[in-house]
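Student: Take this structure first; my questions come after.
The values are calculated or read from the model by the stated rules, or taken from the named source; none is laboratory data. Computed from a predicted model, the values in this text were never measured in an experiment. Reconstructed Cβ throughout: ideal geometry from the backbone, glycine too, with neighbour counts over all protein chains shown. With ligands, DNA and RNA removed, areas are computed over all heavy atoms of the protein, side chains included. Shrake-Rupley method; radii C 1.70, N 1.55, O 1.52, S 1.80 Å.
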Amino acid sequence: MMTLEQLPPKGVKREQAILELGKDEANGELLLQLVNTEKGKCKTAAQKALAHLEYAPAAPLWAKLVKGKWMGSNIMSDACSDCVSEQIAPVILKTLSQLLDEGDTKPLEIEQLNFCFHLMLGKASPKMLEVYRFLAENIQRIAQLKRAPAYSRDDCTSWWITDGLRIWDATPKEKEKIPAVVLTASLIRNPDERLQALADELNERYGGSWLMPVFMKAIITQPKEQVYETYSPLLDTPQKGYLFHALGMLHYRCYPEGWIYERLGPDGMIALIFWGDYSYGTYDTRFMFERYVELDERWLFDLAKDPEGRKPTVTWQTYNRGGVLYGSYDEMFISLLPRKVENPELKRILRDYFRIRSEKVKVEESITVYKDATERFGD
């Protein structure tokens, strides 16, 4: 446990040291003191660090922040503590209810709606589970929401819940997936057993898009062979699209040979989310979270079948690349592949698959998915 005297005196080093205090429950009292005495970035750092702790005396702070500017999402979105969750969930529930009532009659400003979604991430307290159940019960109202213009000449056809999760054709069928997408991201952030049980409950009760968090839960918690044996049969059913949406939140991170710049981490499959949003010159609540997972190689053979066939759109895949082919199955697929495929049979199949797809699918010159495939798997 650190004391106040041990902190660096000022600047970035003090800010970073304060953030580190959030890793030890014993620092709750010190962090609450810093919240009351620090200013600027160091005060914000103290709030963020404290939000990660189960420190009951801080409860009034969270209840105050959620009623303020941006609902405190810049402080509490990346925190998963029950202390925070139980204080803010009733406000989120009330706000969502009011917004849906408003959205029933007119186009909705979705900024505050998104603040609510951002704050739900990874939180698993009893009151927050009720927020998910409320959304599940009102899925059709969410599907029918229309949004107000966000800028001049905005045709309002796109929809986003974070800067990294957005779609470009906001049909009711796509918008009804939003609560399940939030729960899927929550499981990546914090696979709490209560969130896992909630995913099973909502999938059993409502089906449809709630398969997405159930599949992600399995990817995170079960042996990769078991996941494949359980869920691959769904590739031959109408439910396959929900599997692709979950796979769209995975990414095989790999660096080119001879890479000399800083690496974010070792090569491997990660479940990846870009969370939060920003308004130029006003706020920036964005952050990234990743969790290493494993995927059975048999999925890759299955996904490469039928290159001539029509592929389903994969709208809610994590957007982390430039030149993305919006809604593209192939973009989802290539993001699951290592830069260097060791299995010669798989490499041959991938080479043939992407060759046929590149000839069949006409895209803008700026789209890189098939150029990337040629670089990786071509002759």
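Student: Sort through Pro238, Pro233 and tell me the only one that's open to solvent by 20 Å² or more (accessible area, probe 1.4 Å) and not in a helix (DSSP H, G or I).
Tutor: Sole residue among the options that is open to solvent by 20 Å² or more (accessible area, probe 1.4 Å) and not in a helix (DSSP H, G or I): Pro238.
Student: Let me confirm something: among Ala150, Ala180, Ala170, which residue is at pLDDT below 90, of a type in the set (A, V, I, L, M) and in contact with a Leu (Cβ under 9 Å, 6 or more places away or on another chain)?
Tutor: Ala170
Student: Select, from Glu359, Glu365, Glu375, the only residue that is open to solvent by 30 Å² or more (accessible area, probe 1.4 Å) and either part of a loop (DSSP other than H, G, I, E, B) or at pLDDT 95 or above (or both).
Tutor: Matching residue, one of Glu359, Glu365, Glu375: Glu365.
Student: Residues in the stretch 265-272: is at least one on the phi < 0 side of the Ramachandran plot, under 21 Å from the mean Cα position of the chain (by Cα), charged (D, E, K, R) and part of a loop (DSSP other than H, G, I, E, B)?
Tutor: Taking every residue of the stretch 265-272 in turn, at least one turns out to be on the phi < 0 side of the Ramachandran plot, under 21 Å from the mean Cα position of the chain (by Cα), charged (D, E, K, R) and part of a loop (DSSP other than H, G, I, E, B).
Student: Of all the residues that make up the stretch 1-29, how many are over 21 Å from Ser85 (Cα atoms) and in contact with a Leu (Cβ under 8 Å, 6 or more places away or on another chain)?
Tutor: 7
Student: Shifting gears a bit: Within the group Tyr292, Tyr319, which residue is at pLDDT below 95, closer than 15 Å to Ala246 by Cα and open to solvent by 80 Å² or more (accessible area, probe 1.4 Å)?
Tutor: Tyr319
Student: Within the stretch 171-192, take every residue that is part of a loop (DSSP other than H, G, I, E, B) and either open to solvent by less than 20 Å² (accessible area, probe 1.4 Å) or in contact with a Cys (Cβ under 7 Å, 6 or more places away or on another chain) (or both) and give me the one that is nearest to Trp210 (Cα to Cα).
Tutor: Among residues in the stretch 171-192 that are part of a loop (DSSP other than H, G, I, E, B) and either open to solvent by less than 20 Å² (accessible area, probe 1.4 Å) or in contact with a Cys (Cβ under 7 Å, 6 or more places away or on another chain) (or both), the one nearest to Trp210 (Cα to Cα) is Lys177.
Student: While we're on this one: Where residues in the stretch 265-280 are open to solvent by less than 80 Å² (accessible area, probe 1.4 Å) and either without any contact (Cβ under 8 Å) to a residue 40 or more places away in the chain or of a type in the set (Val, Ile, Thr) (or both), which of them is nearest to Ser186 (Cα to Cα)?
Tutor: Ile273
Student: If the requirement is being of a type outside the set (S, T, N, Q), touching a residue at least 24 places away in the same chain (Cβ under 8 Å), touching a helix residue (DSSP H, G or I) at 6+ places or on another chain (Cβ under 6 Å) and assigned to a loop (DSSP other than H, G, I, E, B), which of these qualifies: Ala63, Ala79?
Tutor: Only one candidate passes the filter, namely Ala79.
Student: Which of the following residues is over 30 Å from Tyr151 (Cα atoms), within 21 Å of the chain's Cα centre (by Cα) and of a type outside the set (Phe, Trp, Tyr): Glu130, Glu111, Glu137?
Tutor: Sole residue among the options that is over 30 Å from Tyr151 (Cα atoms), within 21 Å of the chain's Cα centre (by Cα) and of a type outside the set (Phe, Trp, Tyr): Glu130.
Student: Just to check your reading of the model, which residue among Glu5, Glu15, Glu20 is part of a helix (DSSP H, G or I), loosely packed, with under 11 Cβ neighbours inside 10 Å and of a type outside the set (Ser, Thr, Tyr)?
Tutor: The unique qualifying residue is Glu5.
Student: Looking at this structure, is Tyr261 at pLDDT 95 or above and farther than 30 Å from Met71 by Cα?
Tutor: In short, no.
Student: From Gln112, Gln140, Gln144, grab the single residue that is in contact with a Gly (Cβ under 9 Å, 6 or more places away or on another chain) and either in contact (Cβ under 8 Å) with a residue 60 or more places away in the chain or open to solvent by 10 Å² or more (accessible area, probe 1.4 Å) (or both).
Tutor: Sole residue among the options that is in contact with a Gly (Cβ under 9 Å, 6 or more places away or on another chain) and either in contact (Cβ under 8 Å) with a residue 60 or more places away in the chain or open to solvent by 10 Å² or more (accessible area, probe 1.4 Å) (or both): Gln144.
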